[in-house]
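Below: one structure, written as structure tokens.
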Amino acid sequence: MEISEHFHSTFGYSPTLISGAPGRVNLIGEHIDYNGGDVLPFAISELARAAFGARTDSKIRLASSQFPGEIIEADTHILTPLYGQMWSRYILGVFWAVGSARLAHGFDIYIDSSVPIGAGLSSSAAVEASVAYGLNEYFHWNMSMPDLARICQKAENDFVGMPCGIMDQSIALMATEGHALLLDTRTLASQQIPFDLAHHGLELLVIDTRVHHELVDGGYAERRDSCEKAAEILGVATLREISREEFESRKSELDATTYLRAHHAVTEIERVHRAVDALAAGEFEELGELLNQSHHSLRDEFTVSCPELDCAVETANAHGALGARMIGGGYGGSAIALIKSVDAENIKLKIEGAFAKSGFIEPHFFTALPSAGAQIIQQG
Ligand code: GLA
């Protein structure tokens, strides 16, 4: 059923505006967006859609096809962090971060998303961005995409309570088709980097392990704290501001774990720039090697991988991938493999086989094509 029909059958009238925003794959630069470095994500074609109906009072009513039967009610004037069911907080958080002064009235909203939840593809940022983008359009605020990204991040940090960086919200809002986004996470300055693998007979296979291990959120906050602690000891605002040479020369100032966490960040920041150079030069073997180095660093130094992600990466590499790595926060979710298109079917079969042999649940696969960012799907 179309989202407008869902909206109609839930609220009894037709929506006035439908907006959408995509999930993302991060090519490289993992756990870097809260360290001030540059990251290189791109949007996938899967979208979260938000259908809006204007109300005459200040109420909000929310429904979602992913959580059928639940209608969450709130009021723009009395929103407080952590209000509502978990899924609804990403939406209410955006209203809260925007502030009731900017909202002339409330809305009925229906959410429908094809971005898989818990797959490390930023389904939550896609929902936040679709709502923020839709409100910006509806009220003609003319806010910039970086400002909307900051509103979405505030919603997630302070209303949902997840201390995420700003990569996912930014790419959902700023992506353009056929490009990855080189994003400076300090300033949100960005550059569109052409990313056309098909032209070279290559593709990026996404392997969704369909597992989501516990301690995800605690582990994320703990990694972030370690990086911030390292920056503080080293006397820099973020780990972006220290060269690799200086970092190594001051190793003795950090305890062993803090050193390893920060070493991941400092080297990953370098890898992002090497990846941009490799892409510009069409050096895909080098790009693959950088993906592998990123995975090893996330697995051994940042310790956010898990057996399913390692299995996906190792199996893809054993059967001809140019390189592979886990993406997103970690502890589950998805891995990506840079592969020759002709190898796709064989690599999928081999990964399926390896998962079955290890007793893991069956993974899901898809090919990630760099797609457009937030958009208005229907108006009026
Ligand atoms: C999650 C967060 C992002 C980013 C990644 C890791 O997706 O939401 O801000 O930190 O993890 O790169």
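Nothing in this text is a laboratory measurement; each read-out follows from the coordinates by a stated rule. Not measured: the values here are computed from a predicted model. All Cβ positions, glycine included, derive from the backbone under ideal geometry; neighbour counts span all protein chains shown.
Details
- Extension gain (nm, one decimal) between ALA372 and ALA104, 0.36 nm per residue minus Cα-Cα: 93.5 nm
- Top of ALA324, ALA74, ALA155 by mean-square fluctuation, Gaussian network on the chain, Cα under 10 Å: ALA74
- For a straight C-alpha distance cut-off of 22 angstrom, the lysines reachable from LYS340 (same-chain residues fewer than eight places away being disregarded) are LYS348, LYS350.
- Compactness of the range 96-180, taken as the C-alpha radius of gyration over 2.2 N^0.38 Å, stands at 1.08.
- For the range 132-191, the list of trypsin sites (Lys or Arg not before Pro) that fall in a loop by DSSP and count at most 12 other C-beta atoms within 10 angstrom is empty.
- Note on the range 195-367: Kirkwood radius taken over Cα pairs, Stokes-Einstein applied at 20 °C and 1.002 mPa s, translational D equal to 126 µm² s⁻¹.
- Calculated on C-alpha atoms, the gyration radius of the range 3-193 divided by its Kirkwood radius gives an Rg/Rh of 0.96.
- Using a simple spin-label model with pseudo-atoms 7 Å out from Cα toward Cβ, GLU285 and ILE361 lie 4.0 nm apart.
- Going by neighbour counts of Cβ atoms within 10 Å, the residues THR76, THR56 line up, fewest first, as THR56, THR76.
- Sorted largest first, the principal axis extents computed over the alpha-carbon atoms of the chain equal 60, 50, 39 Å.
- Annotation: amide H-H contacts under 5 Å for THR367 (H modelled 1.01 Å from N, sequence separation of 5 or more, or interchain): VAL206.
- GNM flexibility winner over the chain from VAL115, VAL266, VAL236 (Cα, springs under 10 Å): VAL236
- ASP225/THR303 FRET efficiency (R0 22 Å; Cβ-Cβ; nearest 0.05): 0.95
- Exposure proxy order (Cβ contacts within 10 Å, fewest to most) of ASP108, ASP184: ASP184, ASP108
- Gap separating the Cα centres of the range 72-116 and the range 1-52, nearest whole Å: 15 Å
- Once the Cα gyration tensor of the range 10-105 is diagonalised, semi-axes √(5λ) in Å: 29, 18, 13
- Full-extension gain in nm, THR80 to ARG274, via 0.36 nm per residue minus C-alpha separation: 65.5 nm
- Exposed loop sites here are chymotrypsin sites (Phe, Trp or Tyr not before Pro) assigned a DSSP state other than H, G, I, E or B and surrounded by at most 15 other beta carbons within 10 Å; excluding them, the longest clear run of the chain is 142-380.
- Panel order for HIS364, HIS263, by other beta carbons found within 10 Å of each beta carbon, from fewest to most: HIS364, HIS263.
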